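Undergrad: Before I ask anything, let me first share the structure, which is written out below as structure tokens.
The values are calculated or read from the model by the stated rules, or taken from the named source; none is laboratory data. Only a predicted model underlies this, so the values are computations on that prediction, with no experimental measurement involved. Here Cβ is always computed from backbone atoms with ideal geometry, including for glycine, and neighbour counts include all displayed protein chains.
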Amino acid sequence: MKETEGTNPDTPRQATRVRNRRGEGSKLREDIVDAAAALLDETGDERAITLRSVARKVGIAAPSIYPHFPDQPAIMLAVVRREFAALETHLRAASPEAGNDPRDRLYTLCRAYLGYAQDHPGRYRTMFGGLWMPTLGDSSLTPEELTTLGAGAMQILVGALADCVTAGQSSATDPELDAVALWVSLHGLAHQHAATRIFPWPAEPLADAIITRVAKLND
């Protein structure tokens with residue numbers, strides 16, 4: 001049995017989709033998230049991600065989304081959560097390349113973070129706010145769901161800086177606070193690289209200078 005969106009000749013026909021068998025609802029949920037992420041990649045515009053556009057992309061009627069997501073921000077939250085999981089996987093994969101030296105690991109993690117932002121500019125922008133972020137109370141999302149985004153990736157950075165402190169390579173007295181300061185600095189650099197076309201960047205690698213100073217690494 002197939003779902004269709006209507007027979008109005010003036011309405012673009014969407015691809016039809018074979019219904020999932022009983023118990024396969026989780027697959028449709030993943031298909032919805034895949035479709036939203038694909039629309040984001042194709043358009044670069046979060047406003048293009050609506051219940052109707054996602055339903056059309058999947059090949060279902062828009063009401064079929066509601067058992068899985070109550071509104072558009074809930075779909076976007078799922079997309080963003082998946083991207084943060086991908087960032088966390090990216091950082092964990094980069095860490096072993098630096099070997100056993102904590103300082104080298106911190107540099108490697110920070111460079112990997114900046115590389116991820118450069119390679120995925122649209123998704124990166126969406127991960128840290130963008131147009132999809134609703135005013136609390138105007139959607140189904142809760143404060144906890146929004147404030148815990150990226151917590152896993154942040155803890156990787158906190159752990160790397162704490163290892164530098166333990167090894168006597170950093171004078172940071174509050175690794176968690178200083179790791180947040182380091183992330184804010186890296187985030188600002190990533191944003192400026194994406195937004196600024198003409199700027200007299202210093203000859204010294206700016207990322208390394210930021211990491212050294214903000215993480216309070218010893219000479």
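Undergrad: Which one of THR126, THR108 is among the polar types (S, T, N, Q), surrounded by 18 or more Cβ atoms within 10 Å (Cβ to Cβ) and within 14 Å of the chain's Cα centre (by Cα)?
TA: So the residue among THR126, THR108 that is among the polar types (S, T, N, Q), surrounded by 18 or more Cβ atoms within 10 Å (Cβ to Cβ) and within 14 Å of the chain's Cα centre (by Cα) is THR126.
Undergrad: What is the residue count in the stretch 50-78 for residues that are closer than 24 Å to PHE128 by Cα and in a helix (DSSP H, G or I)?
TA: Within the stretch 50-78, residues that are closer than 24 Å to PHE128 by Cα and in a helix (DSSP H, G or I) number 10.
Undergrad: Can you name every residue in the stretch 149-166 that is in contact (Cβ under 8 Å) with a residue 40 or more places away in the chain and either surrounded by 13 or more Cβ atoms within 10 Å (Cβ to Cβ) or under 15 Å from the mean Cα position of the chain (by Cα) (or both)?
TA: LEU149, GLY150, GLY152, ALA153, ILE156, LEU157, ALA160, LEU161, ASP163, CYS164
Undergrad: Give the residues of the stretch 54-80 that are out of contact with any helix residue (DSSP H, G or I) (no Cβ under 6 Å at 6 or more places or on another chain), more than 20 Å from THR142 (Cβ to Cβ) and without any contact (Cβ under 8 Å) to a residue 24 or more places away in the chain, sorted by residue number.
TA: Passing the criteria: only PRO63.
Undergrad: Moving on. Restricting the search to the stretch 75-101, which residues are surrounded by 19 or more Cβ atoms within 10 Å (Cβ to Cβ) and farther than 19 Å from GLY152 by Cα?
TA: ILE75
Undergrad: If I filter the stretch 182-209 down to residues being farther than 25 Å from ASN100 by Cβ and buried (at least 16 other Cβ atoms within 10 Å of the Cβ), which single residue comes out as modelled with the lowest pLDDT?
TA: My answer is HIS193.
Undergrad: Among the numbered criteria (1) crowded, with 16+ Cβ neighbours inside 10 Å; (2) within 22 Å of the chain's Cα centre (by Cα), which one does THR212 miss?
TA: It is condition (2) that THR212 fails.
Undergrad: For GLN118, are the conditions met, namely being at pLDDT 95 or above and either over 20 Å from ASP219 (Cβ atoms) or part of a loop (DSSP other than H, G, I, E, B) (or both)?
TA: So GLN118 does not fit the description; no.
Undergrad: Looking only at the stretch 84-101, decide whether some residue is among the β-branched types (Val, Ile, Thr), part of a helix (DSSP H, G or I) and assigned by TED's automatic domain parsing to the domain that holds VAL184.
TA: yes
Undergrad: A further question on this structure: Going by the structure shown, is PRO63 over 26 Å from the mean Cα position of the chain (by Cα), farther than 23 Å from LEU149 by Cα and at pLDDT below 85?
TA: In short, no.
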